[in-house]
Amino acid sequence: MLESVYQSRLIKKLEHEFPGCLILKNDTDYLQGFPDLTVLYKDKWAVLEVKASQDSPNQPNQEFYISLLERMSFGGFIYPENEYAVLIDLRKHFGVR
């Protein structure tokens with residue numbers, strides 16, 4: 001599956017899981033390696049780097065930004081193979097049962 005197809009499906013799933021959330025697609029040309037999506041929900045936020053699969057290579061700076069943003073709030077890589085676990089972590093982070 002192409003990353004763009006997975007990302008579109010993921011955005012719909014996030015909007016369903018977290019009603020009223022805002023999802024921003026970040027400009028990869030602005031900060032190289034900055035994660036693909038920012039999810040704003042109530043008084044919290046998360047950033048997600050979307051990958052087509054767990055075997056997809058990381059681009060320069062992606063691990064740096066995910067690590068930095070994880071310390072600030074929530075940052076993570078998401079792909080079909082770990083989606084369920086990441087969504088559980090997001091529910092906990094956002095305080096959703």
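The values are calculated or read from the model by the stated rules, or taken from the named source; none is laboratory data. Note that the coordinates shown come from a computational prediction; the quantities given were computed from them, not determined experimentally. A quick note on method: Cβ atoms are made from the backbone with ideal geometry, for glycine too, and the neighbour counts reach across all protein chains shown. Just so you know, the surface numbers come from the protein's heavy atoms only, side chains and all, with ligands and any DNA or RNA stripped out. Shrake-Rupley method; radii C 1.70, N 1.55, O 1.52, S 1.80 Å.
Report yes if GLN7 is of a type in the set (S, T, N, Q) and modelled with pLDDT under 95, otherwise no.
In short, no.
Take segment 1-16 and flag every residue that is in a helix (DSSP H, G or I), in contact with a helix residue (DSSP H, G or I) (Cβ under 9 Å, 6 or more places away or on another chain) and either closer than 18 Å to GLY95 by Cβ or open to solvent by 90 Å² or more (accessible area, probe 1.4 Å) (or both).
If the condition is that a residue be in a helix (DSSP H, G or I), in contact with a helix residue (DSSP H, G or I) (Cβ under 9 Å, 6 or more places away or on another chain) and either closer than 18 Å to GLY95 by Cβ or open to solvent by 90 Å² or more (accessible area, probe 1.4 Å) (or both), then LEU14 is the only one that fits.
Give segment 17-49 a look and list any residue that's assigned to a loop (DSSP other than H, G, I, E, B) and surrounded by 11 or more Cβ atoms within 10 Å (Cβ to Cβ), or say none.
Answer for segment 17-49, where residues must be assigned to a loop (DSSP other than H, G, I, E, B) and surrounded by 11 or more Cβ atoms within 10 Å (Cβ to Cβ): PHE18, CYS21, ASN26, THR28, LEU31, GLN32, GLY33, PHE34, PRO35, ASP36, LYS42.
Is there any pair linking a residue in segment 22-41 that is free of Cβ contacts under 8 Å to residues at least 24 places away in the same chain and closer than 16 Å to GLY76 by Cβ to one that is assigned to a loop (DSSP other than H, G, I, E, B) and open to solvent by less than 40 Å² (accessible area, probe 1.4 Å), with Cβ under 9 Å and at least six apart or on different chains, and which?
Correct list of pairs: ASN26/PRO35; ASN26/ASP36; LEU40/CYS21.
Yes or no: segment 62-69 includes at least one residue that is modelled with pLDDT of 95 or more, among the β-branched types (Val, Ile, Thr) and assigned to a strand (DSSP E or B).
Let us first name the residues in segment 62-69 that are modelled with pLDDT of 95 or more, namely 62-69.
When the remaining residues are screened for being among the β-branched types (Val, Ile, Thr), the result is 66.
Right, trim to assigned to a strand (DSSP E or B) and you get none.
No; the residues of segment 62-69 include none that is modelled with pLDDT of 95 or more, among the β-branched types (Val, Ile, Thr) and assigned to a strand (DSSP E or B).
Is there any pair linking a residue in segment 82-97 that is part of a helix (DSSP H, G or I) to one that is open to solvent by 50 Å² or more (accessible area, probe 1.4 Å), with Cβ under 6 Å and at least six apart or on different chains, and which?
Sorted first by the residue in segment 82-97, then by its partner, the pairs are PHE94/LYS44.
Do you know which of the residues in segment 55-77 that are among the aromatic types (Phe, Trp, Tyr) and out of contact with any His (no Cβ under 9 Å at 6 or more places or on another chain) is surrounded by the fewest Cβ atoms within 10 Å (Cβ to Cβ)? Steps first, please.
From segment 55-77, those among the aromatic types (Phe, Trp, Tyr) are 64-65, 74, 77; that's our starting set.
Still in the running and out of contact with any His (no Cβ under 9 Å at 6 or more places or on another chain): 64-65, 77.
Numbers: PHE64: 12, TYR65: 18, PHE77: 18.
Filtering first and then ranking leaves PHE64.
Before we move on, is PRO80 at pLDDT below 95 and either open to solvent by less than 20 Å² (accessible area, probe 1.4 Å) or not small (Gly, Ala, Ser) (or both)?
No.
Can you tell me which condition ALA52 does not meet? The list is (1) of a type in the set (A, V, I, L, M); (2) assigned to a helix (DSSP H, G or I); (3) over 26 Å from ARG97 (Cα atoms); (4) open to solvent by less than 30 Å² (accessible area, probe 1.4 Å), and all the others hold.
(2)
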